[in-house]
Amino acid sequence: MLISFLKKYTFLFIALAAGSVEAKLVSTPMDLVEWKYQGDKFHCSLNQQVDNFGQVSFIANAGENLTLKVKPMRPVVQFQSAGLYLQDGPWVATPKQTSLSPGKQVSPTEVSFTHAVDALLDGMTAGQWARVGMLYQNNNTPVDLLLSSVNMAPALADFTLCRSRLPAMSYKQARDLVFQFDLGQRTVSTEQKATLSNLAEYIRLDTSVNQVLIDGHSDNVGSRLGNVQVSKVRADDVASFLREAGVKDSLIQIRAHGSRYPIAHNETAKGKALNRRVTVRVMRAGNNDESRVQ
């Protein structure tokens, strides 16, 4: 029965390939398909090793969209194109396919898909199969990589749970944040609180964070002493929110600069608005050689 399934799919791939060129079918037999989960606080992956080809992985990183990565075992020539498709399983009498997304070659051994990957995973969760269609430059033979959803459920459950626990920010996103303040604004806005909540979640999870540097700045309206005081009030409010959200007070350092370090000309309203800011920089152990931005 398995052989007849694969024969039917091979015929389908040939019919769907560009023009009348036969596509080379690459897949793992259904009874040997194995999906594996790996994950931690900031990274989740769902992987399948495809016989005689390489590895395919759903990758979820903190603060990033779901990605599908295709890695052949050996370096390959440049791809002319790569496409991602959903299609019915071989038990469907007349299987249909849906085109989801083009892919991008990021190295000689990796093609990455960053769009519609959630839709692909949803389809596979519902029992559909995935197909990665690849066409190499200077080669008239397309390659169809078939990904079965067979035996996917246990690893997928772990992967889904891992994704649900990922923080909304990565270190790259959390490392340097700027909060702009309106004229007369002294406390953080509702939108800024949401960002700070995500930042606090990241800091709580990353045990390598050893400093959270908070710097208050102002425009040049008013006296120098008054501007220092305003910038301190704003920085203190950011720090207070982070403490309430669970960030240890011992990590937090606050400085108030007033109008001393403008990043834009204070001659215009736009420049003043840019200068009214609180910056938050997250430092991790081993990264303290990075220069501190005022």
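Points to keep in mind about this one:
- Segment 222-239 - residue that is closer than 13 Å to Val280 by Cα and hydrophobic (A, V, I, L, M, F, W, C) and, of those, farthest from the chain's Cα centre (by Cα): Ala235
- Among the residues of segment 237-260, none qualifies, meaning not one is modelled with pLDDT under 95, hydrophobic (A, V, I, L, M, F, W, C), under 23 Å from Ser208 (Cβ atoms) and surrounded by fewer than 18 Cβ atoms within 10 Å (Cβ to Cβ).
- Screening segment 176-294 for helices (runs of 4 or more DSSP H) wholly inside it with 3 or more residues that are free of Cβ contacts under 8 Å to residues at least 24 places away in the same chain and of a type in the set (Asp, Glu) returns no ranges.
- Any hit, segment 272-293, residues being more than 34 Å from the chain's Cα centre (by Cα) and more than 23 Å from Ser170 (Cα to Cα): no
- Applying a threshold of 8 Å to beta carbon distances and a minimum spacing of six or more residues, or different chains, the list of pairs starting in segment 92-107 at a residue that is more than 22 Å from Gln80 (Cβ to Cβ) and ending at one that is assigned to a loop (DSSP other than H, G, I, E, B) and at pLDDT below 85 reads Pro95/Gly89.
- Selection from segment 89-119 of residues that are outside any loop (DSSP other than H, G, I, E, B) and more than 26 Å from Val150 (Cβ to Cβ): Pro102, Lys104, Gln105, Val106, Ser107
- Scanning segment 161-188 for residues that are surrounded by fewer than 18 Cβ atoms within 10 Å (Cβ to Cβ) and either among the hydrophobic types (A, V, I, L, M, F, W, C) or on the phi > 0 side of the Ramachandran plot (or both) gives Leu161, Ala168, Val178, Leu183, Gly184.
- In the set Gly123, Gly127, Gly83, Gly133, only one residue is surrounded by fewer than 21 Cβ atoms within 10 Å (Cβ to Cβ), within 26 Å of the chain's Cα centre (by Cα) and under 18 Å from Thr28 (Cβ atoms); that residue is Gly127.
The rows are residues; the columns are (1) crowded, with 19+ Cβ neighbours inside 10 Å; (2) assigned to a loop (DSSP other than H, G, I, E, B); (3) touching a strand residue (DSSP E or B) at 6+ places or on another chain (Cβ under 7 Å); (4) polar (S, T, N, Q).
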site: Gln38; (1), (2), (3), (4): no, no, yes, yes
site: Lys41; (1), (2), (3), (4): no, yes, no, no
site: Leu46; (1), (2), (3), (4): yes, no, yes, no
site: Gln55; (1), (2), (3), (4): no, no, yes, yes
site: Phe58; (1), (2), (3), (4): yes, no, yes, no
site: Asn65; (1), (2), (3), (4): no, yes, no, yes
site: Leu68; (1), (2), (3), (4): yes, no, yes, no
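The values are calculated or read from the model by the stated rules, or taken from the named source; none is laboratory data. As the structure is a computational prediction, the values presented were derived from the model and not from experiment. When we count neighbours, we look across all protein chains shown, and the Cβ atoms used for this are built from the backbone with ideal geometry, even at glycine.
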